[in-house]
Amino acid sequence: MSRNARRAFGSIRLGLVALAAAACAACTPLGVFATFTPRDPAILTARDQAYGPLGRQSLDVYAPRQISAARPVAVFLYGGGWERGRKWDYGWVAQALAARGFVVVLPDYRLYPQVRFPAFLHDSAQAVRWAVDHAGAYGGDPSRIVLLGHSAGAYNAVMLGLEPSYLKEAGVDPARIAGIVGIAGPYDFTPLKGHMAEVFGGGDLGQTQPVRLARADAPPMLLVTGDADTVVDPAETDSLGRALRAAGGQVETRSYPGVGHNEIMAAMSRPFRDRASVLDDIAGFMGQVADAPSAHAFVTHRGP
């Protein structure tokens, strides 16, 4: 099938998903996608495990179908502008990663307006603490943890890597974090406007911006975006990449032509993997840093 034909077929498939969403007024488009998209072979090994006493402080665990040795652990944090999202809608992402050999922890976390910055970071850190304490029971190796997320979840993951106090406060040694993957994340969004001012206003602005927290000893990072993203400016990925390189950090950046904010996630699903090599790139990076002799042995620098 030619490239143009594949893109046309992909557009038809996206249209069918949209029609299904329109036919189900009570469903979100993402919920419809999560319901109908074909999934990778993996096992949901635990559901609704509490990592804290409050509402939305629970997580699911996915694992490869066969485990012969302890596998690296991936903690995936979904996006939604810190005001929406549910783990059930991202089970297909967890299964895609589990099918690549990772034990995947998929948490919910508290959202605006119930909480504001930095409460969702504390929740994310507590979910990592749960992974440290319990992932071994599901075949994971808690000494090899990779954090990753999309959009707001990418911000959460990156912030845990750049500001180690969140992990330390949760009782996690930051050295356990082998690497971090940020997918279309906001990392440099001052001045605060609108919704962002509501979520992040009222504190030390410098402590909210990943680009201002870049440091040489941060975990290795892979930052990916699409150049057609109109939700989060791709320039924010470039900005954090430059800041990390200037600080002496280890970072790789990638931009996918013609890919938008939601399409970059859809490209991780089985029906749309021909649109961009997102899953291959992420899984390759995660495997590289998780299997390295030390958590900071990743040395490749790519991008501007």
Practice task
Go through the range 235-255 and give me each residue that's open to solvent by 10 Å² or more (accessible area, probe 1.4 Å) and under 17 Å from the mean Cα position of the chain (by Cα).
Solution key: 236, 252, 253, 254, 255
Fill in the blank from the handout: residue 207 fails exactly one of (1) outside any helix (DSSP H, G or I); (2) in contact with a Leu (Cβ under 8 Å, 6 or more places away or on another chain); (3) surrounded by fewer than 17 Cβ atoms within 10 Å (Cβ to Cβ), namely (1)
Exercise for the section: Determine, yes or no, whether residue 133 is acidic (Asp, Glu), surrounded by fewer than 24 Cβ atoms within 10 Å (Cβ to Cβ) and closer than 23 Å to residue 232 by Cβ. Expected result: no
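Which of the residues belonging to the range 141-197 are polar (S, T, N, Q) and open to solvent by 10 Å² or more (accessible area, probe 1.4 Å)? Show your work before the answer.
Here is the first cut: in the range 141-197, the ones polar (S, T, N, Q) are 143, 151, 156, 165, 190.
Passing the criteria: 143, 151, 165, 190.
Tell me, yes or no, whether the range 130-139 has at least one residue that is of a type outside the set (Val, Ile, Thr) and under 22 Å from residue 264 (Cα atoms). Break it down into steps so the answer makes sense when it comes.
Of the residues in the range 130-139, the ones of a type outside the set (Val, Ile, Thr) are 130-131, 133-139.
Among the residues that remain, those that are also under 22 Å from residue 264 (Cα atoms) are: none.
So far as the range 130-139 goes, no, none of its residues is of a type outside the set (Val, Ile, Thr) and under 22 Å from residue 264 (Cα atoms).
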Problem - Scan of the range 191-250 for residues that are on the phi > 0 side of the Ramachandran plot and free of Cβ contacts under 8 Å to residues at least 40 places away in the same chain, ordered by number - result: 194, 248
Fill in the blank from the handout: Only unsatisfied item for residue 264, checking (1) surrounded by fewer than 19 Cβ atoms within 10 Å (Cβ to Cβ); (2) within 18 Å of residue 93 (Cα to Cα); (3) of a type outside the set (S, T, N, Q), is (1)
Exercise for the section: Taking the options 85, 52, name whichever one is open to solvent by less than 40 Å² (accessible area, probe 1.4 Å), more than 26 Å from residue 184 (Cβ to Cβ) and either of a type in the set (Gly, Ala, Ser) or touching a residue at least 60 places away in the same chain (Cβ under 8 Å) (or both). Expected result: 52
Fill in the blank from the handout: When (1) of a type in the set (D, E, K, R); (2) in contact with a Phe, Trp or Tyr (Cβ under 7 Å, 6 or more places away or on another chain); (3) surrounded by fewer than 23 Cβ atoms within 10 Å (Cβ to Cβ) are applied to residue 123, the one that fails is (3)
Practice task
Please verify whether the range 93-113 includes one or more residues that are closer than 20 Å to residue 283 by Cβ and open to solvent by 60 Å² or more (accessible area, probe 1.4 Å).
Solution key: yes
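The values are calculated or read from the model by the stated rules, or taken from the named source; none is laboratory data. What you see is a predicted model; the values in this text were computed from it and never measured. Cβ coordinates were reconstructed from backbone atoms using ideal geometry, including for glycine residues, and neighbour counts include every protein chain displayed. What goes into the accessible areas is simple: the full protein's heavy atoms, side chains included, and nothing from ligands, DNA or RNA. Shrake-Rupley method; radii C 1.70, N 1.55, O 1.52, S 1.80 Å.
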